[in-house]
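Q: Quick one: this structure, given as structure tokens, is what I'll be asking you about.
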Amino acid sequence: MSMDTVRTIDRSTGVGILAVVGLVAVYLIALRTDAAWPVFWISGVAFGVICQRSRFCFVAGFRDLFLMKQGRMMRGIIAGLAVGTAGFAMIMATVIPNPGSGVLPNDAHILPLGIATVLGGLMFGFGMVLSGGCVSGSLYRMGEGYLGSWVAIFGVLVGLYAMARTWNWWWENQISMDRLSWLPTDLNYTGAVVITLVLLAVAYAGVSWWERRAFAGMSFTLPVIPGSAAPPAAPGADTTLGALARKVFRAEWTPLVGGIALAAINILIFIRYRPLGVVGEMTRWSTDFANQIGAGVGELQGINDIPGCVPRFVEGTWFTDAFMLNAGIIAGAFTAALLAREFRLRIPRGPRRYVQSLGGGLIMGYGAGLGLGCTIGAFFSAIPSLALNGWIYAIALAIGAYGGTAFIRRFP
Amino acid sequence: MTNESEAPVLDVRGEICPYPMLRTNRELDEVQPGVPELRVWTDHPPALSTIPPEAMKRGYGCEIAERAAGEWEIRIFNAEASAAG
């Protein structure tokens, strides 16, 4: 038996409780500053906590299908998409009661669909497998102490800057001419929701079939993780509240729980504001920084005419609601990792891993700029928006991730 | 229970997915094929659900113990030999 049986508050939990105090303090400051800030802060923190606890990872979702023929994460993603679809449809039906009119719901992630969508998805899928985390994944892993994720996010920022430098070319030659394809325009809400859910069910069944084929005749249960699962408490020493807290903050959540919880956050924030997205804000960071050092990109054409993950510049302040979301993701994951006693500075082994993180980040950043979003904005928020671009981006992501998997297989 | 074993250690701390799993597979398949027991050290929580299924596919049993905050040891052992003992 380990010494954990008799447990006092250890250092990690102690710092974790301090971090919770910090989260609340930022919330209270946000509350006095702007109506949207506290909502985006809470959503970001919840996003970080959910991802940290469920190890939610879009890269694993795609890559593990190819590498290990495992579909556990992808099934969680698909379940989240299904829940998101139901919620988003209800919200959009309130805003646009008559979808056949040709008017689109403003904030939904219905994005220009064309070459840029495909190329962006391919690059993003390849880059995320190379670096080992997508943009939102790298953000929350920054909070868990992964140094490689800090490098990856630096690469993403540089990639987004490179994209911004070439944006006007893409806009003039491609994106401005691309159409927005929203399924309810022709199919009405019922048809669009039904076809989306059917496609998701087919994908879910396909993943399960793929997995069963690989693991034919094998059945086993995963071993319990002692550091993560609640330790056996001494009889009488445990209050119900303490037991509940340990269950939530120490035990690992399944990807299914993670996917559904993320979808719930996405629905809640869309009710009042807009669906989740992280890279638009990061484009703003990188282009704004470039401006400061005299390497500005000038005016980005058309960005005020399209929804989704493009930078939104706010006059007079550098902090925005989107900043609160991204910062909340890092802070939430940091806090959850501490409370789970999983925070740790994780230093990559050898220079090759740094090159991978940076290179993957660069490719991913350019792809996210081009495809108008990452696995969150252009995929997890786009398919529930009943937008065709979400599906095309998803297919491109899968092909890109397949290429990335083949690549890292060859260069271990 | 962690330090009782004298079995060889594969230290993949610092590595993230999929490398902890790929390196464990390579150890089991190529570097030490047929090894009766292997201890894998990792600080990457997702590896705790990717390494065991791959080891189990190869007929091994698995146990996970916490070494420190955010660090684990996965003990991979020959299931039959262990059941006999």
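Q: If one puts a single equal scatterer on every Cα of the range A:250-313 and applies the Debye formula without solvent, what log₁₀ I(q)/I(0) results at q = 0.14, 0.16, 0.27 Å⁻¹?
A: -0.60, -0.70, -1.13
Q: Just order A:125-132, A:81-88, B:56-63 by mean Cβ neighbour count inside 10 Å, highest at the front, would you? Let's see the in-between values first.
A: Working: A:125-132: 30.2, A:81-88: 22.6, B:56-63: 16.9.
Packing order, densest peptide first, comes out as A:125-132, A:81-88, B:56-63.
Q: As I understand it, the value is the acute angle between the Cα axis of helix A:115-131 and the longest principal axis of the Cα atoms of chain A; what does it come to in degrees, rounded to 10?
A: 20
Q: Could I ask something else about it? Once the principal axes of the Cα atoms of the range A:266-387 are found, what is the range along each, listed largest first in whole angstroms?
A: 44, 39, 31
Q: Principal axes first, then extents: for the Cα atoms of the range A:144-225, list largest minus smallest coordinate on each axis, whole Å, largest first.
A: For the range A:144-225, the Cα extents along the three principal axes come out at 55, 47, 22 Å.
Q: Nearest 10 degrees, 0 to 90: what angle lies between the long axis of helix A:36-54 and the longest principal axis of chain A (Cα atoms)?
A: 60
Q: Please compute the net charge surrounding A:W210, taking Lys and Arg as +1 and Asp and Glu as -1 over other residues with Cβ under 14 Å from its Cβ. If you can, show how the numbers build up before the last one.
A: Working: positive: A:R63, A:K69, A:R72, A:R75, A:R212, A:R213; negative: A:D64, A:E211.
Result for the local shell: +4.
Q: What is the average number of partner chain Cβ atoms found within 10 Å of a Cβ in B:62-71? List each step's numbers first, then the result.
A: Values: counts 3, 3, 8, 5, 10, 1, 3, 12, 13, 4.
Neighbouring Cβ atoms belonging to other protein chains average 6 per residue here.
Q: Using amide H atoms built 1.01 Å from N in the peptide plane, name the residues 5+ places from A:Q70, or on other chains, whose amide H lies under 5 Å from its own.
A: Amide H to amide H, under 5 Å and 5 or more residues apart or across chains, A:Q70 pairs with A:L65.
Q: Count, for each residue of A:123-132, the Cβ atoms from other chains sitting within 10 Å of its Cβ, then give me the mean as a whole number. The partial results should precede the final answer.
A: Numbers: counts 0, 0, 0, 0, 0, 0, 2, 0, 1, 7.
For peptide A:123-132, the averaged partner shielding equals 1.
Q: A further question follows. Would you tell me the accessible area of A:L362, worked out with a 1.4 angstrom probe on the heavy atoms of the protein chains, in Å² to the nearest 10?
A: 70
Q: Debye sum, Cα scatterers, chain B, no solvent: what log₁₀ I/I(0) at q = 0.19, 0.22 1/Å?
A: The computed values of log10 I(q)/I(0) come out as -0.77, -1.04.
Q: Diagonalise the Cα gyration tensor of chain A and give the resulting equivalent ellipsoid semi-axes, square root of 5 times each eigenvalue, largest first, whole Å. Write down the numbers at each step before the final one.
A: On the way: eigenvalues 221, 126, 107 Å².
The answer is 33, 25, 23 Å, longest axis first.
Q: From other protein chains only, count the Cβ atoms within 10 Å of every residue's Cβ in B:8-18, then give the mean. List each step's numbers first, then the result.
A: On the way: counts 0, 0, 0, 1, 1, 4, 10, 7, 14, 10, 12.
Average neighbour count from other chains, rounded to a whole number: 5.
Q: Then there's this: Tilt of helix A:11-33 relative to the longest C-alpha principal axis of chain A, in degrees (0 to 90, nearest 10)?
A: 40
Q: Please report, for the Cα atoms of the range A:1-132, the Rg to one decimal and the Dmax as a whole number; what are they, in angstrom?
A: 20.8, 68
Q: Work from the charge dipole of the protein assembly as shown (Cβ charges, +1 for Lys and Arg, -1 for Asp and Glu, about the Cα centre) and give the residue of A:V39, A:Q292, A:G16 farthest towards its positive end.
A: Ranked along the dipole, the leading option is A:G16.
Q: Picking from A:W150, A:T117, A:L197, whose Cα lies most toward the positive end of the charge dipole for the range A:90-225 (charges on Cβ: Lys, Arg +1; Asp, Glu -1)?
A: Toward the positive end, the furthest listed residue is A:W150.
Q: OK, next. Mind listing P(r) for the range A:326-408? All alpha-carbon pairs, 5 Å bins, whole percents.
A: Computed distribution, short to long bins: 3, 11, 15, 17, 17, 19, 13, 4, 1.
The values are calculated or read from the model by the stated rules, or taken from the named source; none is laboratory data. Fair warning: this is a prediction, and the values are worked out from it, not measured in the lab. For neighbour counting, all protein chains shown are included, and Cβ atoms are generated from backbone atoms with ideal geometry for every residue, glycine included. To get the accessible areas, we keep the full protein, side chains included, count just its heavy atoms, and leave off ligands, DNA and RNA. Shrake-Rupley method; radii C 1.70, N 1.55, O 1.52, S 1.80 Å.
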